[in-house]
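Asks: Mind looking over this structure? Questions follow.
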Amino acid sequence: MTFTTALKRFLIIFSASMALTACASSVKQSGKMQGDVYTGSDTVEYLASGVADRVFFASNKSTLTTAARDTLRKQAAWMRKKKDLTFAIEGHADERGTREYNLALGERRANAAKDYLMTYGISSNRLSVISYGKERPVNSESNPLAWSQNRRSVTVKAK
Amino acid sequence: MKKILFLIFYLFIFNNSVMAVIEVDITRGNLDPLPIAISPLHLESGSQDIKQGDKTIKNVGEKISQLIETNLRRSGLFNPLKKESFVQNPDIAHVKPRFEDWKLIKAQALVTGKVIVKEDKLRTEFRLWDVVAAKEIVALAFSTRPDNWRRVAHIISDKIYKRLTGEEGYFDSRIIYVSEAGLKTQRIKKLAIMDQDGANVKYLTLGNELVLTPRFSPKNQLVTYLSYFRNLPRVYLLDIETGVQEVVGDFPGMTFAPRFSPDGKKIIMSFAKDGNSDIYTMDLDSRVVEKITDHTSIDTSPSYSPDGKYISFNSDRSGLQQIYVMRSDGSNVKRITFGKGIYGTPVWSPRGDLIAFTRMHNGKFYIGVMRTDGSGERLLTENYYQEAPSWSPNGRVLIFYRETKSDSDGKGFSAKLWSIDLTGYNERLIETETDGSDPSWSSLMSK
């Protein structure tokens, strides 16, 4: 083995290990994401014990994931016990889209959550919907994890 | 804003059959800007100072020339020459230029003039000379209020631009935009208006509620925008002369993405209901509301063609956001973009031949233009995030906003206004006191 081939081998091994480290860090980040949907709880607040206030969406999508439906069923069960309360469902988008489209997307996400709550017996007149588009991110960083936390619909008690 | 009376005298009758020798080629990139000498406007003796707020302007002639110079340089089409090389005195040059002197410094055009401030009037006289052909090609005089000197400079700039390029200028125009400040998670946004060059900023709202996407009427002093007043996002109409605001229509949900029709009589916008956004118009006189699109997808960002016959908009009916064109009654919907990525915010050029848009592809945002059937796409600028182009009144320049990436602490975010020439050259930051977004260009004010 000449010196240059040895050096080449070293470089290959070295760059491979660099790639592994790079993977490791992105795995760490995607540990809180499935596809591009946020699955963690760092930004989540609670309406009551065990009742998370928000659900997360994939990019450009408003379909409810299994986890989102689970969260919304818990919200509905709690809402049925709190008959005197009304709620606003706030729809949000990430910063990687045009402003006007994101307003529409936020509205569509909030309605997806509202419709699901209604199928679990919550009257539509207890649920209002408001879209903030990309105007009110919860995480101001510019990376896929932050964007996944910002693509959300949040149920809040109406004042 | 008060309307200002301008008296314009034509000093000499133009002879349009005499063609100027010099002409700026604006069809290609402006790689070779026209050398122009702007001789400082001569301040006549006995002229008074101008008091503007706490400032006193002693030599308004110099100020006007400087502003003309800035305007022409920023257009990218002209190269204003250094004053140090000028040989002839401004007052004499204005009467009879010694063309050999100006030829010597390679000027192809020469601007001369004189000003006087007297009895609360600013009187300005200016001439544009073709140095190569050794003759006068424009001569005009204006009389106006002294504090109006910036507009005098903008109007002169437009006259020069028009005579030398053959197209209308855009200097005597304004820009309405959203002024931004504060944390990204809790941004404070206000409506702001300024001259095209960034001067004379005025804030039209206080920042108590979120405001977005202001757009000028092409015909008058009305602006339409989205406000979250009382936490109900609705399209509003604002008269910037009187300050009177009103909600547009009585919709039981969010209305957004408003724009005027080219005659200024209608507002076109989206109305979101039950997770579906469609496009509607409202006639401002009769208040009649019409539904234009009816589709389960998101239809938004509508923009009329300048003849009012067509509407472009973006829709995700194909799965992802793409641009469509239809007749103004909603019939004959045709998709016009088929490239990779997503396309949005179509805006029809005031000349009618092009549509400007935002494209997102592979994590980058582009501002581009294409013909109204979607052919001939040209991407003018690529960046981390930019969107929402708006056309200059002459259809030569696009203004848009650009956001920077935040770092891992969420810091480093900014939103700024930028402009770029239709050719893709001459990209420029428009300086504003605060961050800015959602710019919309007015029509020419003096037209």
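Asks: Tell me yes or no: at least one residue of the stretch B:186-195 is of a type outside the set (D, E, K, R) and either in a loop (DSSP other than H, G, I, E, B) or more than 30 Å from residue B:412 (Cα to Cα) (or both).
Replies: no
Asks: With the condition being farther than 29 Å from residue B:32 by Cα, I'd like the helices (runs of 4 or more DSSP H) fully within the stretch B:48-143 carrying at least 3 qualifying residues.
Replies: Of the helices (runs of 4 or more DSSP H) lying wholly inside the stretch B:48-143, those with at least 3 residues that are farther than 29 Å from residue B:32 by Cα span B:90-95.
Asks: Continuing with this model, one more query. For the stretch B:174-185, does any single residue satisfy the condition of being of a type in the set (Gly, Ala, Ser) and in contact with a Ser or Thr (Cβ under 6 Å, 6 or more places away or on another chain)?
Replies: Within the stretch B:174-185, one or more residues are of a type in the set (Gly, Ala, Ser) and in contact with a Ser or Thr (Cβ under 6 Å, 6 or more places away or on another chain).
Asks: Among the aliphatic types (A, V, I, L, M), buried (at least 22 other Cβ atoms within 10 Å of the Cβ) and touching a residue at least 60 places away in the same chain (Cβ under 8 Å): is that true of residue B:417 in this structure? Let's see the steps before the verdict.
Replies: Values: among the aliphatic types (A, V, I, L, M): yes; buried (at least 22 other Cβ atoms within 10 Å of the Cβ): yes; touching a residue at least 60 places away in the same chain (Cβ under 8 Å): yes.
Yes, satisfied.
Asks: Sticking with this one: Counting just the residues of the stretch A:107-128 that are small (Gly, Ala, Ser) and without any contact (Cβ under 8 Å) to a residue 40 or more places away in the chain, which one comes out farthest from the other protein chains (Cβ to nearest Cβ)?
Replies: In the first step, residues of the stretch A:107-128 are kept if they are small (Gly, Ala, Ser); the result is A:110, A:112-113, A:121, A:123-124, A:128.
Cutting the leftovers down to without any contact (Cβ under 8 Å) to a residue 40 or more places away in the chain gives us A:123-124.
Values: A:123: 15, A:124: 10 Å.
Here the residue is A:123.
Asks: Can you list residue pairs whose Cβ atoms sit under 6 Å apart, with the first residue in the stretch B:326-338 being within 17 Å of residue B:297 (Cβ to Cβ) and the second being buried (at least 16 other Cβ atoms within 10 Å of the Cβ) and among the β-branched types (Val, Ile, Thr)? Count only pairs 6 or more apart in sequence or on different chains.
Replies: B:326/B:311; B:326/B:333; B:330/B:292; B:330/B:293; B:334/B:325; B:336/B:323; B:336/B:325; B:337/B:323
Asks: Another question, if that's okay. For the stretch B:400-414, how many residues meet the condition of being surrounded by fewer than 23 Cβ atoms within 10 Å (Cβ to Cβ) and either more than 14 Å from chain A (Cβ to nearest Cβ) or in contact with a strand residue (DSSP E or B) (Cβ under 6 Å, 6 or more places away or on another chain) (or both)?
Replies: Final tally of qualifying residues: 3.
Asks: Return only the number of the condition from (1) surrounded by 20 or more Cβ atoms within 10 Å (Cβ to Cβ); (2) facing chain B (nearest Cβ under 8 Å); (3) in contact with a Ser or Thr (Cβ under 8 Å, 6 or more places away or on another chain); (4) of a type in the set (S, T, N, Q) that residue A:149 does not satisfy.
Replies: It is condition (2) that residue A:149 fails.
Asks: Shifting gears a bit: Hey, does the stretch B:10-26 have a residue that's at pLDDT below 60 and in a strand (DSSP E or B)?
Replies: The answer is yes; a qualifying residue exists.
One line per residue, one yes/no per condition, for (1) in a loop (DSSP other than H, G, I, E, B); (2) closer than 14 Å to residue B:328 by Cα; (3) out of contact with any helix residue (DSSP H, G or I) (no Cβ under 8 Å at 6 or more places or on another chain):
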site: B:230; (1), (2), (3): no, no, yes
site: B:251; (1), (2), (3): yes, no, yes
site: B:258; (1), (2), (3): no, no, yes
site: B:270; (1), (2), (3): no, no, no
site: B:280; (1), (2), (3): no, yes, yes
site: B:293; (1), (2), (3): yes, yes, yes
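Asks: Could you look through the stretch B:319-346, keep only residues that are under 12 Å from residue B:377 (Cβ atoms) and surrounded by fewer than 19 Cβ atoms within 10 Å (Cβ to Cβ), and pick out the one that is farthest from the other protein chains (Cβ to nearest Cβ)?
Replies: That would be B:338.
Asks: Got at least one residue in the stretch B:345-357 being modelled with pLDDT of 95 or more and over 21 Å from the mean Cα position of the chain (by Cα)?
Replies: no
Asks: Looking only at the stretch B:394-408, count every residue that is part of a strand (DSSP E or B), farther than 19 Å from residue B:180 by Cα and over 10 Å from the mean Cα position of the chain (by Cα) and tell me the total.
Replies: 0
Asks: Checking residue A:131 against (1) under 20 Å from residue B:275 (Cβ atoms); (2) in contact (Cβ under 8 Å) with a residue 60 or more places away in the chain; (3) crowded, with 23+ Cβ neighbours inside 10 Å: exactly one of these is not met. Which one?
Replies: (2)
Asks: What single numbered condition from (1) within 14 Å of chain A (Cβ to nearest Cβ); (2) touching a Gly at 6+ places or on another chain (Cβ under 8 Å); (3) among the hydroxyl-bearing types (Ser, Thr, Tyr) fails to hold for residue B:437?
Replies: Going through (1) within 14 Å of chain A (Cβ to nearest Cβ); (2) touching a Gly at 6+ places or on another chain (Cβ under 8 Å); (3) among the hydroxyl-bearing types (Ser, Thr, Tyr) one by one, residue B:437 breaks only (2).
Asks: Somewhere in the stretch B:218-232, is a residue more than 14 Å from chain A (Cβ to nearest Cβ), modelled with pLDDT of 95 or more, touching a Leu at 6+ places or on another chain (Cβ under 7 Å) and buried (at least 21 other Cβ atoms within 10 Å of the Cβ)?
Replies: yes
For every residue, the table says whether it meets (1) within 14 Å of another protein chain (Cβ to nearest Cβ); (2) under 17 Å from the mean Cα position of the chain (by Cα); (3) closer than 18 Å to residue B:283 by Cβ; (4) surrounded by 19 or more Cβ atoms within 10 Å (Cβ to Cβ).
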position	(1), (2), (3), (4)
B:196	no, yes, no, yes
B:199	no, yes, no, no
B:206	no, no, no, no
B:211	yes, no, no, yes
B:234	yes, no, yes, yes
B:243	no, no, no, no
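Asks: Right, residue A:22: more than 19 Å from residue A:159 (Cα to Cα), small (Gly, Ala, Ser) and modelled with pLDDT of 50 or more or not?
Replies: No; evaluated as a whole, the condition is false for this residue.
The values are calculated or read from the model by the stated rules, or taken from the named source; none is laboratory data. From a predicted model like this one, the values you see are computed outputs, not experimental measurements. So basically every Cβ, Gly included, is an ideal-geometry build from the backbone, and we count neighbours across all protein chains shown.
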